[in-house]
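Read through the structure below, which is laid out as structure tokens, and then see the notes.
The values are calculated or read from the model by the stated rules, or taken from the named source; none is laboratory data. What you see is a predicted model, and the numbers here were worked out from it, not measured in a lab. Methodologically, a virtual Cβ is constructed for each residue, glycine included, from the backbone with ideal geometry; neighbour enumeration extends over all protein chains shown.
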Amino acid sequence: MLEVQNITKKYGSQTALKNVSFSIGKGEIAGFLGPNGAGKSTALKLITGSLPMDSGSVVISGYDLRREPLKAKFHTGYLPENNPLYDDMYVTEYLDYVAGLYLLDNRKERVAEIIRQTGLQAEAHKKIEQLSKGYRQRAGLAQALIHNPDVLVLDEPSSGLDPNQSSEINRLLLRLQPEKTILFSSHTLPEVAAVCTRILFIHRGEIVADLPRNEIEDLEVLFKELTAV
Ligand SMILES: Nc1ncnc2c1ncn2[C@@H]1O[C@H](COP(=O)(O)OP(=O)(O)O)[C@@H](O)[C@H]1O
Ligand SMILES: [Mg+2]
């Protein structure tokens, strides 16, 4: 469960995010859809505690991010935009390292399990720099999932992937759906349409609509209307 209330962020004099509020429950896959520069990455950074907010509150599985940051973050998995990974590390080595950061006590088993879950078995012995873009993205997802978080926050997880790789990611999200609260951003329509139960439209730092996917007849038309001007 993810509850976001009135989060706001300014960069200097520019308000990148203005009083954004929403909440997402377990079993939902919410798509955060907006054009480039809308404020998607900023919002996801605030929600995951990677950037301090100016005001507002974020509650992850009942833990207030400001009051109990470690607990809130422990229940959050985050795949940042551009998926930063240590290129020189081997996949297994990297995931074991991340498991160590979370102080997991069944590290070896957990790493093996997450490698299976994300379909990385055949690539696990490779260095991260040797991975194809699709497998690199799976490694990013694996590090986001290693501590079995309730809330999964993914910043453009399918960006730069071909349609096949992108639908692999979608399949993985659908498998995770029953157990997780998922929020992922995108600036492209098909990606969001394929997998979301709900769409949050963001434009110029504000939520301009928040609708169940099945209530949207023509996503393209609506998106154009909402992001005009
Ligand atoms: N670190 C930063 N410093 C100054 N401006 C920023 C910074 N990060 C983002 N911005 C600006 O904030 C706005 C929203 O950016 P961002 O959240 O990255 O949007 P999106 O992810 O939707 O493309 C943009 O105008 C961007 O230029
Ligand atoms: Mg972005």
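Side notes on the structure shown:
- Yes/no for Pro80 being under 25 Å from Thr197 (Cβ atoms), in contact (Cβ under 8 Å) with a residue 12 or more places away in the chain, of a type outside the set (Gly, Ala, Ser) and not assigned by TED's automatic domain parsing to the domain that holds Phe223: yes
- Residue check, Val111 within 19 Å of the chain's Cα centre (by Cα) and either not in a loop (DSSP other than H, G, I, E, B) or not hydrophobic (A, V, I, L, M, F, W, C) (or both): no
- Pairs with Cβ under 7 Å, 6+ apart, first in region 25-51 and within 16 Å of Glu206 (Cβ to Cβ), second assigned to a loop (DSSP other than H, G, I, E, B) and charged (D, E, K, R): Ala38/Arg204; Ser41/Glu81
- Matching residues, region 71-92, being in contact with a strand residue (DSSP E or B) (Cβ under 9 Å, 6 or more places away or on another chain) and more than 16 Å from ligand 2 (Cβ to nearest atom): Lys71, Ala72, Lys73, Phe74, His75, Thr76, Gly77, Asp87, Asp88, Met89, Tyr90, Val91
- For region 20-30, the condition holds for at least one residue, the condition being that it is in the same structural domain as Ile199 (by TED's automatic domain parsing), buried (at least 23 other Cβ atoms within 10 Å of the Cβ), within 16 Å of ligand 2 (Cβ to nearest atom) and more than 14 Å from Val151 (Cα to Cα).
- Any hit, region 124-137, residues being under 25 Å from Glu3 (Cβ atoms) and within 16 Å of ligand 2 (Cβ to nearest atom): no
- Verdict on Ser166 being crowded, with 18+ Cβ neighbours inside 10 Å, of a type in the set (Ser, Thr, Tyr) and assigned to a loop (DSSP other than H, G, I, E, B): no
- Residue count, region 4-22 (criterion: part of a strand (DSSP E or B) and either at pLDDT below 95 or within 7 Å of ligand 1 (Cβ to nearest atom) (or both)): 3
- Within region 195-213, being over 16 Å from the mean Cα position of the chain (by Cα) and assigned to a helix (DSSP H, G or I) holds for one residue alone: Arg213.
- Region 23-75: number of residues that are in contact with a helix residue (DSSP H, G or I) (Cβ under 7 Å, 6 or more places away or on another chain), among the small types (Gly, Ala, Ser), within 16 Å of ligand 1 (Cβ to nearest atom) and part of a loop (DSSP other than H, G, I, E, B): 2
- Looking only at region 142-163, residues that are part of a loop (DSSP other than H, G, I, E, B), away from ligand 2 (no atom under 16 Å from the Cβ) and farther than 24 Å from Leu101 by Cα come to 1 in all.
- Of all residues in region 188-205, those being crowded, with 19+ Cβ neighbours inside 10 Å and touching an Asp or Glu at 6+ places or on another chain (Cβ under 9 Å) number 6.
- Condition met for Leu172 (under 16 Å from Leu79 (Cβ atoms), surrounded by fewer than 22 Cβ atoms within 10 Å (Cβ to Cβ), of a type in the set (A, V, I, L, M, F, W, C) and more than 16 Å from ligand 2 (Cβ to nearest atom)): yes
- You will find that of Gly12, Gly27, the residue that is touching a strand residue (DSSP E or B) at 6+ places or on another chain (Cβ under 9 Å) and on the phi > 0 side of the Ramachandran plot is Gly27 and no other.
- Filtering region 121-137 to residues that are over 19 Å from the mean Cα position of the chain (by Cα) and either within 18 Å of Leu79 (Cα to Cα) or modelled with pLDDT under 95 (or both) leaves Ile128, Glu129, Leu131, Ser132.
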